[in-house]
1. Per DSSP H run of at least 4 residues, take -39500 (n - 2.57); add these up for the chain, divide by its residues and hand me the 222 nm value, nearest 500 deg cm²/dmol.
2. Does anyone have the angle between helix 193-206 and the longest principal axis of the chain? Alpha-carbon axes, 0 to 90°, nearest 10?
3. Principal axis extents for region 35-186, Cα atoms only, whole Å, descending order, please.
4. R0 = 45 Å: FRET efficiency of residue 254 with residue 187, Cβ-based, nearest 0.05?
5. At 1.306 mPa s and 10 °C, plugging the Kirkwood radius over alpha-carbon pairs of the chain into Stokes-Einstein gives what diffusion coefficient in µm²/s?
6. Compare 204, 63, 53 in a GNM of the chain, Cα atoms joined below 10 Å, and give the one with the largest fluctuation.
7. Taking springs between alpha-carbon atoms closer than 10 angstrom, which of 219, 145, 47 fluctuates most in the Gaussian network model of the chain?
8. If you project the alpha carbons of region 94-173 onto their three principal axes, what span does each projection cover, largest first, in Å?
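Derivation of every value follows stated rules applied to the coordinates shown; laboratory data play no part. Bear in mind the structure is a predicted one, so any value in this text is a computation, not a measurement. Positions of Cβ are backbone-derived with ideal geometry, glycine not excepted, and every protein chain shown enters the neighbour counts.
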Ligand SMILES: Nc1ncnc2c1ncn2[C@@H]1O[C@H](COP(=O)(O)OP(=O)(O)OP(=O)(O)O)[C@@H](O)[C@H]1O
Ligand SMILES: [Mg+2]
């Protein structure tokens with residue numbers, strides 16, 4: 001994924017709130033949870049946001065010398081107690097096992113650092129303080145990797161969320177032992193109704209325009225955009241990049257249905 005696509009401000013949608021509640025429940029009750037939804041609806045962004053991963057990840061991955069300002073990062077880690085892991089494509093088993101162990105251990109150390117600041121050495125066996133492991137792109141997990149996750153879950157009691165495309169729940173149902181540990185399944189949906197309009201208003205504003213639902217031209221453009229994108233965040237983003245371009249090239253200042261149709265014809269998604 002490109003930084004450009006992610007660059008826009010995060011919008012705390014209702015779906016994100018639902019995801020957070022779901023993640024809280026998995027974390028609290030220490031289940032395995034499944035989150036599935038179509039490509040581009042915002043699963044990864046929601047999960048990263050929940051784990052405050054944009055804040056915590058650089059520290060956990062680099063693990064370099066400490067600065068006083070790192071206290072904020074420890075606080076963030078202690079606030080979410082979550083670890084976010086994305087397996088690489090065809091991820092070798094050892095990479096997954098070691099990668100997860102490293103992140104969970106380091107997250108535990110950061111949380112401890114927040115809970116007991118200034119103590120030099122913590123002795124004795126401590127239970128790991130991370131409470132939730134979120135694994136994105138769960139389709140990539142091989143059978144041994146799934147077995148390993150079940151083992152981690154059993155041994156450490158950490159809650160696990162597997163994030164993937166619709167259909168992942170069917171695939172996992174073929175692993176009865178893992179599946180029997182699944183406590184919650186969460187369907188991540190695309191934007192609907194008022195919320196879609198809300199997000200569109202923001203996109204309009206980013207282009208320096210104002211959206212007026214009472215204006216027929218705007219209402220028509222909204223209807224076309226809703227139809228073309230189905231409320232999918234990624235498609236919306238792509239559509240608006242092109243809309244911005246077309247408005248600029250043609251010196252236009254209104255998003256009309258014609259503009260939306262012109263954009264649709266240039267996009268791959270227009271064919272659907
Ligand atoms: N809450 C949000 N606020 C702002 N933009 C968002 C939000 N959610 C998603 N987006 C936009 O949609 C894009 C796709 O989101 P994301 O990568 O999370 O989708 P996904 O469901 O994980 O897709 P995939 O199944 O393909 O991995 C993001 O890069 C971002 O541009
Ligand atoms: Mg994703």
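1. On the way: 13 runs with 151 residues, N = 272.
Per the formula, -17000 deg cm²/dmol.
2. The two axes meet at around 80 degrees.
3. The principal-axis extents, from largest down, are 48, 34, 27 Å.
4. Details: r = 37 Å, r/R0 = 0.81.
Rounded to the nearest 0.05, the efficiency is 0.80.
5. Numbers: Rh = 20.7 Å.
My calculation gives 77 µm²/s for D.
6. 63
7. 219
8. 47, 20, 20 Å, listed from the longest principal axis down.
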